[in-house]
Structure formats: C-alpha cells, structure tokens
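The values are calculated or read from the model by the stated rules, or taken from the named source; none is laboratory data. All values derive from a computational prediction rather than experimental measurement. With ideal geometry, Cβ positions are generated from the backbone for all residues, glycine too; neighbour counts draw on all protein chains shown.
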Amino acid sequence: MFHSYLVNSLKFHKDRCINCKRCIEVCPHGVFSAGESHVELVHQARCMECGACALNCPVQAIEVESGVGCAWAMIRAALRGRDMDSGECSCGGDAGSCCGIE
Ligand code: SF4
Ligand code: SF4
C-alpha cells in the first residue's frame, strides 16, 4: 500500500546552496547538517514542514509546502501516528518555536 501521508514536501536544491548554514540554525529537527560545499539533507523524515528553512534561505535552495504552523504540524503528526509530546515538535520547549508562534 502507498502511504502518501508518510512523504513530506521538502525539496533541497543543493546546486543552489551557498553554504550559509541558516537552515541548520533555524531547523528545530536537525534535518540538515553541515557539508563541504553545501549543507546535506540528512533527516528528511523528521521535517514537520514548518517552513522556517525555506523562509531563511537567501537563494531559494529549499522548497517546502508549509501549513499553518503548530496546528498543521499536529495534524501531520496525528496522520503519521506520532506523538507531538515525545520529541516530534519542540514548539514552546527548550529549543523554541519552529513556526515563529510562541
Ligand atoms: S520545514 Fe521546518 S522542520 Fe522541515 S527542514 Fe525546514 S526548518 Fe526543518
Ligand atoms: S539556507 Fe539555503 S543557502 Fe544557506 S545553507 Fe541552507 S540551503 Fe544552503
């Protein structure tokens, strides 16, 4: 069976990346990591589609269909059978808000 809800919309165009590392700084889920000439997309499945990386990328190297912040993240977590309180999203926690809403 094809589980379309398990796939997120995050797309990384590494040919555009100028290695500024802003996406690493703003992503609350460690989706990107540092690389030699560009960052690496290392944990795509962790992406909650908050949109912070795409908003902060100066060269549009990241595309993601972000929803409505935490509410959307909660819906997606429920669809995936995950628990928002067990590390799925850290909004409001020690790591701060991933969607910019406190
Ligand atoms: S959309 Fe949010 S969770 Fe996904 S990679 Fe970008 S900053 Fe990280
Ligand atoms: S924010 Fe954009 S340009 Fe900067 S490291 Fe991330 S993908 Fe590359």
Please determine whether any residue of the range 3-12 is surrounded by 13 or more Cβ atoms within 10 Å (Cβ to Cβ), in a helix (DSSP H, G or I), modelled with pLDDT under 95 and more than 10 Å from ligand 2 (Cβ to nearest atom).
no
Residue hits (the range 6-44; among the basic types (K, R) and away from ligand 1 (no atom under 11 Å from the Cβ)) are K14, R16, K21
By residue number, the members of the range 14-58 that are within 8 Å of ligand 2 (Cβ to nearest atom) and not in a helix (DSSP H, G or I) are K14, R16, C17, I18, N19, C20, K21, F32, H38, V39, C57, P58
Residue pairs within 6 Å by beta carbon, gap of at least six or interchain, first lying in the range 10-22 and within 12 Å of G35 (Cβ to Cβ), second more than 8 Å from ligand 2 (Cβ to nearest atom), listed first then second, are F12/L41
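Is the range 70-87 home to any residue that is modelled with pLDDT of 95 or more and in a helix (DSSP H, G or I)?
To start, the set of residues in the range 70-87 that are modelled with pLDDT of 95 or more comprises none.
Checking the range 70-87: not a single residue is modelled with pLDDT of 95 or more and in a helix (DSSP H, G or I).
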Taking the range 56-69 and keeping residues more than 8 Å from ligand 1 (Cβ to nearest atom) and modelled with pLDDT under 95 leaves E65, G67, V68, G69
Considering residues that are over 9 Å from the mean Cα position of the chain (by Cα) and surrounded by 20 or more Cβ atoms within 10 Å (Cβ to Cβ), the number found within the range 26-53 is 1
